[in-house]
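Comments concern the structure below.
The values are calculated or read from the model by the stated rules, or taken from the named source; none is laboratory data. Predicted, not measured: the structure shown is a model, and the values here were computed from it. Ideal geometry is used to build each Cβ from the backbone, glycine not excepted, and the neighbour counts take in all protein chains shown.
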Amino acid sequence: MNIRGRRIHIVGSADVMADEKKLIYVHSLVFELTKALALEGANFVIPFGKEPFLKDRTDGPAIIFDWTVAEAVYSANKEGHATASGPNGRLIASLATSKSDSQIPPNRRFIYDQLREVNCISLEFLEPGWSAGALVRSRLAQLADVLIAISGGQGVEHLAIEYSSKGKPVIPLDINIGSSARDGSGGASRLFDRARTNPSDFFRVSEAASASDLLDRTQTRNGEVEAAKVVAAILNLLHALVPPRVFYVRLLNEAVPEHSSVESFFRNTADQLIKELGYEPLQMGIGKNEFAWMNQAIFDSLHHSAVALIDLTGLRPNCFMELGYALGNKQRIIVTARDDTRISFDAFALEAFQWKESEDPAKRLDRFRTHWERNINMPTLVRPKEAK
């Protein structure tokens, strides 16, 4: 997997009575890992808020790692090793409530303000009443591409379920420093043991790689392994992951007059941009079939794809049905159509990229790239309402 443009979510926590030496080690590991990822062009998901410390402490080390990630991203950007935004959005995606700003620690305010000043942060404000932990974690899993989990409890375990249910990689680390809420059944360290035995439940790697071996090499051995060595092993695992998929929803019937122009658009424009952005195109009828029934293949593949690219040329009912599914599933979508397509009813309100069959291929690719950057992170259509 090409790390450039991928959104990485590093999450976890420690017990308030955790071993301070081990906790300092984890913060060092998180900082070095974040900077290494930023150097390779990664984006990040970071919830900004409180920074609780060990019991009876008013200074570090913190028992969560969000601000360590933010500090590393700030450092990378300041040094010119990370750009504020790219084709898949800004350097940092974050969720916020009306209370988030007031919860930022005074000693972290400068980092937060500077990151916002240079337009590194994309903030999504949650509706009132939508700040419950489970709902926030569900949305975080929609925003990011990869979860890297460290210790923690129920929150980490729930995030792992949310990511894996969406077909997104979950990389748990072995070190155990407890959970800030003192809950869960072992957090990331327990998930590490499970993932080493059944890695396909957590992530997929290229056929030439060994998933279990790659994960095993990320062991910290309770903080005894040099952080730089662990970081290198995590990067090797990330590089071996199969790329996130963009599922193509499009006219496939060769007997329909529009088919040849649709085929040309996907082969000469869509494929080029998708691969340029580090994704793997997924189209029914092309590549290895893993399902016995076509309907199962379509909706399973659509559900577990990072992006749905939906072309409405020909106004095929199945394309509208799959568009509705992707919207309801709160997936990232890109809508396209040939310029003579008259999109009807509600779908007309969605901004579609209108491609011209006769347009110069290079110009069309540039226009499509611009459209992608503007629309790939559009907000979900429906948000939960506060109970009254």
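Worth pointing out:
- If you filter the range 29-64 down to residues that are part of a helix (DSSP H, G or I) and aliphatic (A, V, I, L, M), you find that the one that is surrounded by the fewest Cβ atoms within 10 Å (Cβ to Cβ) is L39.
- Members of the range 245-265 that are buried (at least 21 other Cβ atoms within 10 Å of the Cβ) and either in the same structural domain as P87 (by TED's automatic domain parsing) or not in a loop (DSSP other than H, G, I, E, B) (or both): V246, F247, Y248, V249, V262, F265
- Spans of helices (runs of 4 or more DSSP H) in the range 74-192 with at least 1 residues touching a strand residue (DSSP E or B) at 6+ places or on another chain (Cβ under 7 Å) and assigned by TED's automatic domain parsing to the domain that holds A211: 109-117, 133-143, 154-165
- Any chance L123 is over 16 Å from A38 (Cβ atoms) and surrounded by 13 or more Cβ atoms within 10 Å (Cβ to Cβ): yes
- Only helices (runs of 4 or more DSSP H) whose full extent lies in the range 266-382 are considered here, and the ones with at least 1 residues that are at pLDDT 90 or above and of a type in the set (G, A, S) are 317-328, 361-375.
- Restricting attention to the range 206-228, the residues being in contact (Cβ under 8 Å) with a residue 24 or more places away in the chain, assigned to a loop (DSSP other than H, G, I, E, B) and under 23 Å from the mean Cα position of the chain (by Cα) number 3.
- Entry remark, the range 49-64: residues being touching a strand residue (DSSP E or B) at 6+ places or on another chain (Cβ under 6 Å) and under 17 Å from I10 (Cα atoms) number 4 in total.
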